[in-house]
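*Asks:* There's a structure below that I have some questions on.
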Amino acid sequence: MKAYWIIAISVALVLCAASVPSRADSVTYDYSYNLVSGGNSVGTVTGSFNYDSSTFTISNATITFNSSLFGNVTLSNLGSQKGFVFLYGGVVGGNFILYVITINPLNPSQYWVTGSITNLTTGVTASLSNGLTVPEGGDWYTYLIPSLLAMCGGIVLASRQPKNARALHAG
């Protein structure tokens, strides 16, 4: 019986090690989304940023708003910030901009970009929000392997008979 447990634990450890997402020291993310005001698309937002998982630093963030309501506004060289959240707020070209990048601390290949832009002359506001983003070639195995482990654990537990059941059958 001990041999089964040693094999099961060994397989579980190997599968857990294989399911850990890989982390590069520094990754550049590019994104492009619609700028939305009142439920209508009023332009586009494009940008990029670097994330260094070894120092937990977001840097080289750039964002460009292309819209007839706000003009073409580009923010670049916004500095770097440590942590899992990058926050920028300020007035550029007559527009108030609030821009947030959030990195998933459990899986740095996942991130969210949210924000808004308000034209201070007209009062028109538009927002951007991309939801959760996983770059191309997403980590499918990050979800598959733990699911497989749960299934295998359920099978092992289901195949075990309680000690009382063995005594009843023997007697």
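The values are calculated or read from the model by the stated rules, or taken from the named source; none is laboratory data. What you see is a predicted model; the values in this text were computed from it and never measured. Counting neighbours? That spans all protein chains shown, and the Cβs are built from the backbone with ideal geometry, glycine included.
*Asks:* Could you look through the stretch 52-61, keep only residues that are of a type in the set (Ser, Thr, Tyr) and surrounded by 15 or more Cβ atoms within 10 Å (Cβ to Cβ), and pick out the one that is modelled with the lowest pLDDT?
*Replies:* Ser53
*Asks:* Which numbered condition in (1) assigned to a strand (DSSP E or B); (2) surrounded by fewer than 17 Cβ atoms within 10 Å (Cβ to Cβ); (3) not charged (D, E, K, R) is the only one that Phe65 fails?
*Replies:* The one condition Phe65 does not meet is (2).
*Asks:* When the residues of the stretch 55-72 are filtered to those that are under 12 Å from Gly93 (Cβ atoms) and small (Gly, Ala, Ser), which remaining residue is farthest from the chain's Cα centre (by Cα)?
*Replies:* The qualifying residue farthest from the chain's Cα centre (by Cα) is Gly71.
*Asks:* Here's something else I'd like to know. Looking only at residues that are surrounded by 15 or more Cβ atoms within 10 Å (Cβ to Cβ), closer than 12 Å to Phe70 by Cβ and among the hydrophobic types (A, V, I, L, M, F, W, C) in the stretch 109-139, which one is modelled with the lowest pLDDT?
*Replies:* Leu128
*Asks:* So is Tyr33 over 30 Å from Ser159 (Cα atoms), of a type in the set (Phe, Trp, Tyr) and either at pLDDT 85 or above or in contact with a Cys (Cβ under 9 Å, 6 or more places away or on another chain) (or both) or not?
*Replies:* yes
*Asks:* Let me ask something else. Can you say whether Phe49 is buried (at least 16 other Cβ atoms within 10 Å of the Cβ) and either in contact with a Cys (Cβ under 6 Å, 6 or more places away or on another chain) or under 20 Å from Val27 (Cα atoms) (or both), as far as the supplied structure shows?
*Replies:* Yes; evaluated as a whole, the condition is true for this residue.
*Asks:* Being more than 24 Å from Asn77 (Cα to Cα), of a type in the set (A, V, I, L, M, F, W, C) and either at pLDDT below 65 or surrounded by 15 or more Cβ atoms within 10 Å (Cβ to Cβ) (or both) is true for just one of Leu144, Leu106. Which residue is that?
*Replies:* On inspection, the qualifying residue turns out to be Leu144.
*Asks:* Look at Ile101 and say whether it is in contact with a strand residue (DSSP E or B) (Cβ under 7 Å, 6 or more places away or on another chain), surrounded by 14 or more Cβ atoms within 10 Å (Cβ to Cβ) and closer than 14 Å to Asn34 by Cα.
*Replies:* So Ile101 does not fit the description; no.
*Asks:* For the stretch 22-46, which positions are under 21 Å from Pro105 (Cα atoms) and either assigned to a strand (DSSP E or B) or touching a Lys or Arg at 6+ places or on another chain (Cβ under 6 Å) (or both)? Quick ask: steps written out before the conclusion?
*Replies:* To start, the set of residues in the stretch 22-46 that are under 21 Å from Pro105 (Cα atoms) comprises 22-31.
Correct list: Ser26, Val27, Thr28, Tyr29, Asp30, Tyr31.
*Asks:* Of everything in the stretch 75-94 that's under 14 Å from Asp52 (Cα atoms) and among the small types (Gly, Ala, Ser), which residue is surrounded by the most Cβ atoms within 10 Å (Cβ to Cβ)?
*Replies:* Ser80
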